[in-house]
Amino acid sequence: MKIALIILGAFAALVIIVVAVGLSLPVQHQAVSAARFRQSPAEIFAVITDAKNFPSWRPSVKSVEILPDSVGRKRFRERGSDGSILYEIEEATPNTRLVTRIADRSLPFGGSWTYELLPAGDSTTLRITENGEVYNPVFRFISRFVMGHTATMDRYLQDLRNRLR
């Protein structure tokens with residue numbers, strides 16, 4: 001019984017530490033990840049803006065529903081390993097820049113991704129900047145110390161690399 005109480009106390013202390021550290025972290029963060037591709041900006045832009053075909057090259061996305069525009073912005077809903085997430089396109093400058101934002105305020109996280117296509121000779125660098133928000137302090141702790149802020153972007157860039165082979 002004494003060992004069970006010690007284990008329970010240690011677990012409770014761990015939870016308190018995780019919550020306390022999570023509360024001390026800022027809600028907002030910025031992270032950047034980039035990769036170089038041999039394809040042109042136009043080829044890459046065509047792939048990253050074709051939401052209905054995301055499930056064919058992004059294993060974490062099971063389906064995409066294209067929704068009616070809202071206030072002149074294209075919207076789509078991804079369903080997959082991260083749940084159901086509503087996105088809207090804030091800006092789309094062909095072959096140069098794309099900005100998407102999570103448009104679902106009920107999630108424990110939000111923010112935007114800015115995709116910049118930077119030509120470099122016969123290749124293109126795709127740089128993604130995440131301006132993220134994590135509202136739940138436990139998720140903030142996990143996002144910062146367990147997963148890392150670039151994990152989802154890194155996975156996206158690897159999936160895109162696999163698609164463009």
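The values are calculated or read from the model by the stated rules, or taken from the named source; none is laboratory data. Just so you know, these numbers come straight off a predicted model, no measurement behind them. Glycine gets a Cβ as well: all are built from the backbone with ideal geometry, and neighbour counts include every protein chain shown.
Can you tell me which residue within the range 42-54, out of those that are over 15 Å from ARG155 (Cβ atoms) and in contact (Cβ under 8 Å) with a residue 12 or more places away in the chain, is surrounded by the fewest Cβ atoms within 10 Å (Cβ to Cβ)? So the residue we want is LYS52.
Might you let me know whether the range 76-98 holds any residue that is more than 30 Å from ASN136 (Cα to Cα), touching a residue at least 24 places away in the same chain (Cβ under 8 Å) and in contact with an Asp or Glu (Cβ under 8 Å, 6 or more places away or on another chain)? Checked the range 76-98: at least one residue is more than 30 Å from ASN136 (Cα to Cα), touching a residue at least 24 places away in the same chain (Cβ under 8 Å) and in contact with an Asp or Glu (Cβ under 8 Å, 6 or more places away or on another chain).
Yes/no per residue for (1) in a strand (DSSP E or B); (2) closer than 20 Å to HIS149 by Cβ:
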residue: VAL15; (1), (2): no, no
residue: VAL19; (1), (2): no, yes
residue: HIS29; (1), (2): yes, yes
residue: ALA92; (1), (2): yes, no
residue: ASP104; (1), (2): no, yes
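Here the range 106-120 is the region considered, the condition is being among the small types (Gly, Ala, Ser) and not in a loop (DSSP other than H, G, I, E, B), and the residue that is surrounded by the fewest Cβ atoms within 10 Å (Cβ to Cβ) is ALA120. In this structure, GLY132 does satisfy being part of a strand (DSSP E or B), in contact with a His (Cβ under 7 Å, 6 or more places away or on another chain) and not aromatic (Phe, Trp, Tyr). Here GLU90, GLU43 are screened, and the one residue that is under 24 Å from PRO108 (Cα atoms) and at pLDDT 95 or above is GLU90. Taken over the range 133-165, the criterion of being crowded, with 19+ Cβ neighbours inside 10 Å and of a type in the set (Gly, Ala, Ser) is satisfied by SER143 alone.
May I ask you to list the residues in the range 60-88 that are part of a loop (DSSP other than H, G, I, E, B) and either among the acidic types (Asp, Glu) or exposed (fewer than 13 other Cβ atoms within 10 Å of the Cβ) (or both)? Matches in the range 60-88: VAL71, GLY72, SER81, ASP82. For ALA35, the requirement of being touching a Leu at 6+ places or on another chain (Cβ under 6 Å), in contact (Cβ under 8 Å) with a residue 40 or more places away in the chain, in a strand (DSSP E or B) and not polar (S, T, N, Q) is met. Residues of the range 1-46 that are over 26 Å from ARG97 (Cβ atoms) and in contact with a helix residue (DSSP H, G or I) (Cβ under 6 Å, 6 or more places away or on another chain): VAL18, VAL19, VAL21, GLY22, LEU23, LEU25.
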